[in-house]
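Below: one structure, written as structure tokens.
None of the figures in this text is laboratory data; all of them are computed from the coordinates on show. Small disclaimer: the values here were computed from a predicted structure and weren't measured. Note: ideal-geometry Cβ built from the backbone for every residue, glycine included; neighbour counts use all protein chains shown.
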There are 2 protein chains.
Amino acid sequence: MEQSTLDLDLAADTIRTIRFLSADAVEAAASGHPGTPMEAATIGYLLYRRHLRHNPANPGWWGRDRFVLSCGHASMLLYSLLHLCGYDLSLEKIRNFRQLGSGTPGHPEFPQVPGCETTTGPLGQGASVAVGMAMGGRLLAENLDEHLFDGHIYALCSDGDLMEGVTSEAASLAGHLSLGNLTCIYLDNHITIEGPSSLSFSEEVATRYLAYGWRVIRVEGDNVLEVDEALSRSRLSLRPTLIIARTHIAMGAPGKQDSASAHGAPLGAEELRRAKLLSGWDPEASFQIPGSVQEHMAQVAEHGAFEERLWSQCFSEFKDCATELQLQMLEMMAGELPPGWEAQLPVFCPSEGPMATRKASGRVLEALAPRLPLLVGGSADLAPSNNTELVGERYFVAGRSGRNIHFGVREHAMGAILNGLAHMPGILPFGGTFLVFSDYMRPPMRLAALMGLAPVYVFTHDSIALGEDGPTHQPVEQLAALRAVPNLVVIRPCDANELSEAWRVAIERRNGPTALVLSRQELPILARSCLGAARDLERGAYVLAPEQGELQLILIATGSDVHLALEARVELQRRAVGVRVVSLPCWEIFDAQGADYSEAVLPGCCKARVAIEAASPMGWERYVGLEGRIISMKGFGASAPAKDLLMHFGFSVDRIVHEALDLLRRA
Amino acid sequence: MEQSTLDLDLAADTIRTIRFLSADAVEAAASGHPGTPMEAATIGYLLYRRHLRHNPANPGWWGRDRFVLSCGHASMLLYSLLHLCGYDLSLEKIRNFRQLGSGTPGHPEFPQVPGCETTTGPLGQGASVAVGMAMGGRLLAENLDEHLFDGHIYALCSDGDLMEGVTSEAASLAGHLSLGNLTCIYLDNHITIEGPSSLSFSEEVATRYLAYGWRVIRVEGDNVLEVDEALSRSRLSLRPTLIIARTHIAMGAPGKQDSASAHGAPLGAEELRRAKLLSGWDPEASFQIPGSVQEHMAQVAEHGAFEERLWSQCFSEFKDCATELQLQMLEMMAGELPPGWEAQLPVFCPSEGPMATRKASGRVLEALAPRLPLLVGGSADLAPSNNTELVGERYFVAGRSGRNIHFGVREHAMGAILNGLAHMPGILPFGGTFLVFSDYMRPPMRLAALMGLAPVYVFTHDSIALGEDGPTHQPVEQLAALRAVPNLVVIRPCDANELSEAWRVAIERRNGPTALVLSRQELPILARSCLGAARDLERGAYVLAPEQGELQLILIATGSDVHLALEARVELQRRAVGVRVVSLPCWEIFDAQGADYSEAVLPGCCKARVAIEAASPMGWERYVGLEGRIISMKGFGASAPAKDLLMHFGFSVDRIVHEALDLLRRA
């Protein structure tokens, strides 16, 4: 929303207002980070007042630019700006900064804070999410309309963001893809928590970003004209832009400016008083907003509403001429899945088997891609193994977007970029790697779960049965570690048809991420005539094979281990033991079904239970209690052919039968 | 071990031998990665034959150089070299590549493979571990003797290694610290698994490393003279060196050279036959080692033994003049802790409290540092919060090592560097960050557990009680996720004295890593006269407060939640309920105590059990069974003062009493 004239006096007053609103809120909370909001007030002001295209009355406007506060600890900068611009963030909320239910949490939270585009705080995440948003922006612009969806992505970053490896990964990819719609502003304040940033950080940031293929602009972060010009230039670029802004932490606080002590604690009443005095502010008053500043910033809302109206007219014209495919995209952007999309989900016939669930997943993607035009994804350089390619679709390259993404060997950035894509309307992102490497991308997965974003993770090579690659590649603790994440749904399907249903669950689930945990090895496709229906996966667990006669024992398994349980059941039935096999592909969904269904699947009266899962035993007591058995991995795997490993680590029908009989004998 | 003359014919034959040994082994295993060993054979040959100072008869020689195969999938390159040099790695083992117990696993494993310096495979880890080794080398050299401990660290890296963020973090720190004893050789083969590396990786690697402060040398990776000269030059540097070697995957395989298909699958019998033919090798024979090559490489062992003898003489002279401090260091390097070190562990008096366990941890480090001269560590830019500074000790800076390390905001690299430090004799490394950010460093923690290395992690801010920073900073699932890692010991002490004992356990534990999980908030220091002894932490769990009268209910808790349990016990005792409080700071140790001790602490007859932990409930059923209760976090936290959060999320005496009484009523 850049304008031609810049009133320097008004600018200065607004910048001061932002500084002291922020510092006052931290002071009132007796907790928080005053230094960065004070140092970045000039940049924030110029962005929100002159450069960002946004409409405070409608934070969800599709045509907007997006601002990501990667240094989330500077939350009060964002809250001050949102308040002044007229977002639904009252002064009362700012006065209650960091209090329970105040709407102004310590770090910005999406979607709780209107106008906050993504949750930040863990360093590096915002900077990387911004890359995903820029990619999503390109996808929408190229597939719909270049003018309607030309929103620019701005990210504000600290030294910490630039030190984090995830930012390096994402920046390298952003340069590779020439994301001209992305601007990162780096607050080069020479300060970290432990002291001067030179204690640990002496690299040439500009040179590094040039190496990535970015354009680099240097400015004095408090020079209104320089910053303003840099922001203008950054919008017109074929490459992503890094603005290196030399800033001063706690700018304007006479005793704390340029000191690490201003990072994570209130300035203190006396220091704040002195700072206000020095700035010509009333030293005794708090939360001051001069009338002139209020008026000046109120124009943002006016201008934003005007811009959205113009945009809506163009959008309306665009819709009238939209193609069938574009209309489908718009439908997805409005939050609807195209009707009948599920009909595309493949049903696998036992005669097609055996088939690895990773292979079946490739088939599902192939079937769904045409019907879900904003299904977008790829792999961290393991596409041939993860089967994540959308066959026949273009790859995302520099200068031309595409639905297939080569993330490179950058799992962590992939996780964050998926979040950025998921933030863009309608986009349904997925990303693949080996299950063991989910460890590389836990921070963004956690944020997806916290924000209620719904990327789908395709984690293949799900157990020691991947074989020869050995313990570095064999997941053991990853299933438990993922199941422990709140609001992350983890599904380990036992065959191609459960896999197909798992994709249904993942795609229908729009308020949290889903991890699909898939086999490298081939698995039989179960003939379901005498067995429970794969569709029951949607309840998390179900009776796959009922007991014959009286129920004496329950075998519970997931994924590939279900087939062992079925074989063991045959063996045990032969010995006249009434055995039920329960397939439990998803703990989170099953646990949410309520007591009646739980009792129907796992009757309380039957305490003889054996769980089988080629992974850490952690948590399985939830289903087998203290009296049951857990056949699991007690340590790490080994390098050998899969069949040797399974035998070596006790994943055999004999072992299950032995444990079951022993359990029954002792009961 | 560089020599003056280079016999180019012998070199060529040896390089061919390495290539075909590797390709034959992969072919025999019908699994593996032939491409990289073939492309890097020249570099491997020159390193092992002419540059690496090593003695195959004593892989543990302190004076050696170290070679890290960061691209661990090229394991057969390492095994071929180790075999030819005369390490304890027979041809038989190579014939059994990737078989159970063969000693030649799919990816190199430390310490199973003699001569393998560290376990690699997950990309980026080796390159970063090498930085830790180089730091450890500097520490030993400067504190003991510059000549005896001037070993050089070489790491061989692939595109994947260079794309991973952890490598960026570690390389930035290596440049910052001017680690001249480090050389990374980058195999610039233009190929990734998904195809040409240009699909996802187009940055200027050389420029990026120059920005980090490295020296960069470019060579043709198959040009013996160029590579040889570069390796010579790289040893003489005040900065770390990156050798960018243009190489060709599957060099010498006519149909697969420069193709992604040569990465992760055998060449195939016919292709291998053609490759051998082209190289003048017998196309029908496998595992060929010409006599001349055998002889040529046998000199490595001779030369290495000679060098070690010389070194030992110097070492012996050095020892005779060593200072008291140096002798203590040598003792630690020999695997002994200085006698009486435990006497330094502080005992905290209740009157000193309340005290946060993170604060107490700082006190323990202060007390131990003088007695454990190779205790070395720091924080990922949170030292003032993690209390990880060794007071009075120097910081590690460019040109001068120190026991305090500013890792910068680089948790992932910190984890890997701790592994590198732990690989160096005697060094006892620790690293701190917030518990929630353990998510950033799981891959190296897993490798530490897998290798049996023993770094100590200082994870502070261990629950929602960290307060206002909110859910992005509040761990919930991290405890469960860490407990799920095999061979990682996780300890959450309840007060300063349990903390002191936890450090004892961590330091005595030399075969696996330990995570200390510490409170931000102050906690009472328990008066132990009527309570169980803190020393019992070494059994993982213990009866902290016994029941009065008949045992009716057990309250089990960890860390800060123990204090709630103690208060609830008083309340319940008032209502004539016989309540025992069990402190369970460490699951792994408790689970290893055996049935008798388990029964003594948690008698099977008492099924009324309530667990209290302000974290994910995952796994607690192991101790409370299906009939117990778990007071835990069902979702993410929130931003508010700690006391409000604890009340909001149900961590109160009232809640515990309520759950306990309800449980007893229903029983």
Selection from B:L375, A:H83, A:A127, by position along the positive dipole direction of the protein assembly as shown (Cβ) | B:L375
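Please identify every one of the GluC sites (Glu not before Pro) in the range A:536-569 that sits in a loop by DSSP and has no more than 15 other beta carbons within 10 Å of its own beta carbon.
A:E550
Quick check on the exposure proxy: order A:C321, B:C116 from fewest to most C-beta atoms within 10 angstrom.
Ranking A:C321, B:C116 by Cβ neighbours within 10 Å, fewest first, gives A:C321, B:C116.
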Estimated inter-spin distance, B:A12 and B:L278, nm [label 7 Å along Cα→Cβ] = 1.6 nm
If you put a point 7 Å past Cα along the Cβ direction, how far is that point for A:S232 from the same point in each other copy, in nm, smallest first?
-> 5.8
Any GluC sites (Glu not before Pro) in the range A:291-337 that lie in a DSSP loop and have at most 13 other Cβ atoms within 10 Å would be A:E336
When chain A is turned about an axis onto chain B, which of its residues keeps its C-beta closest to that axis, and how many Å is it?
-> A:G165, 1
Rounded to the nearest 20 Debye, what is the dipole magnitude of chain B about its Cα centre when Lys and Arg each give +1 and Asp and Glu each give -1 at the C-beta?
-> 1120 debye
log₁₀ of I(q)/I(0) at q = 0.15, 0.22, 0.31 Å⁻¹ - the range B:448-500, Debye sum with one point per alpha carbon = -0.53, -0.97, -1.22
Helix A:165-176: inclination vs chain A longest Cα principal axis, degrees, rounded to 10, gives 80 degrees
If every Lys and Arg gets +1 and every Asp and Glu gets -1 at its Cβ, then about the Cα centre the protein assembly as shown yields a dipole, in debye to the nearest 20, of 1560 debye
Distribution output for the range A:89-189: share of Cα-Cα pairs per 5 Å bin in percent, first bin at 0, values 2, 12, 19, 19, 16, 15, 10, 6, 2
When all alpha-carbon pairs of the range A:522-667 are counted, what percent fall beyond 24 Å?
-> 27 percent
In whole Å, largest first, the alpha carbons of chain B cover along the principal axes 90, 58, 45
Could you tell me the distance between the Cα centroids of the range B:590-667 and the range B:370-408, to the nearest Å?
-> 37 Å
Taking the range A:341-517 and dividing mean pair separation by its residue count, relative contact order in percent (alpha carbons under 8 Å, at least six apart) = 23 percent
Share of Cα-Cα pairs in the range A:173-284 beyond 24 Å, in percent?
-> 40 percent
Going 7 Å from the Cα of A:N58 in the Cα-to-Cβ direction, what parts of the range A:303-329 have a backbone nitrogen less than 13 Å from that spot?
-> A:304-317
Give the residues of the range B:54-85 whose amide nitrogen is closer than 11 Å to a point set 7 Å from the Cα of B:A285 in the direction of its Cβ.
-> none
Relative contact order (%) - the range B:225-368, alpha-carbon pairs under 8 angstrom, separation at least six | 10 percent
Please order B:D150, A:D13, A:D24 by the number of other Cβ within 10 Å, starting at the fewest.
-> B:D150, A:D13, A:D24
Local net charge near A:G625, Cβ-Cβ under 13 Å (Lys/Arg +1, Asp/Glu -1) = +3
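At a 10 Å Cβ-Cβ cut-off, how would you order B:R16, B:R138, A:R19, B:R666, fewest neighbours first?
By the 10 Å Cβ count, ascending, the order reads B:R666, B:R16, B:R138, A:R19.
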Antiparallel DSSP beta bridges within the protein assembly as shown, percent to nearest 5 | 10 percent
What share of all Cα pairs of the range A:8-109, in percent, falls into each consecutive 10 Å distance bin?
-> 17, 50, 30, 3
Any idea what angle helix A:224-235 forms with the longest principal axis of chain A, computed on alpha-carbon atoms, 0 to 90 degrees, nearest 10?
-> 40 degrees
Pair B:R666, A:A305: separation of 7 Å Cα→Cβ label points (nm) = 5.4 nm
Over chain B, calculate the relative contact order: mean separation of alpha carbon pairs under 8 Å at least 6 apart, over the residue count, as a percent.
-> 11 percent
Let me have the 222 nm mean residue ellipticity of chain A computed from DSSP H runs of 4+ only, each contributing -39500 (n - 2.57), with the sum over all residues rounded to the nearest 500.
-> -12000 deg cm²/dmol
C-alpha long axis of helix B:357-368 to longest principal axis of chain B, angle in ° | 60 degrees
From other protein chains only, count the Cβ atoms within 10 Å of every residue's Cβ in A:72-79, then give the mean.
-> 1
Assigned charges on the beta-carbon of Lys, Arg, Asp, Glu; the range A:11-307 dipole about Cα centre (debye) | 80 debye
Any idea what Rg and Dmax come out to for the range A:11-307 if you just take the C-alpha atoms, in Å?
-> 17.9, 56
Based on alpha-carbon positions alone, could you give the equivalent ellipsoid semi-axes of the range B:341-517 from the gyration tensor, as √(5λ), descending, whole Å?
-> 21, 20, 16
Quick one: work out the % antiparallel among DSSP beta bridges in chain A, nearest 5.
-> 10 percent
Ascending list, in nanometres, of distances separating the B:Y597 label from those of the other copies (7 Å, Cα toward Cβ) = 4.2
Inter-copy distances for A:G60, nm, shortest first, label points 7 Å along Cα→Cβ, are 6.5
Peptide B:463-474: average number of partner chain Cβ atoms within 10 Å per residue?
-> 6
Ranked output for segments A:63-73, A:384-394 by mean other Cβ atoms within 10 Å, highest leading, reads A:63-73, A:384-394
Considering only A:A11, A:A57, A:P114, whose Cα is most displaced toward the positive end of the charge dipole of chain A, charges sitting on Cβ of Lys, Arg (+1) and Asp, Glu (-1)?
-> A:P114
Give B:K359/B:K607; A:K256/A:K276; A:K607/A:K643 a once-over and call out the pairs whose C-alpha atoms are over 25 Å from each other.
-> B:K359/B:K607; A:K607/A:K643
Toward the positive end of the charge dipole of chain A, about the Cα centre and with charges on Cβ (Lys, Arg +1; Asp, Glu -1), which of A:A506, A:H563, A:L148 goes farthest?
-> A:H563
Taking a point 7 angstrom from the Cα of B:L551 along the C-beta vector, which residues in the range B:589-623 have backbone N less than 14 Å away?
-> B:595-610
With label points built 7 Å along Cα→Cβ from the Cα atoms of A:A595 and A:L327, find their separation and express it in nm.
-> 5.1 nm
FRET efficiency for A:R233 and B:E571, using Cβ-Cβ distance with R0 set to 56 Å, rounded to 0.05 | 0.25
Alpha-carbon spread of the protein assembly as shown, three principal axes, descending order, Å = 91, 75, 73
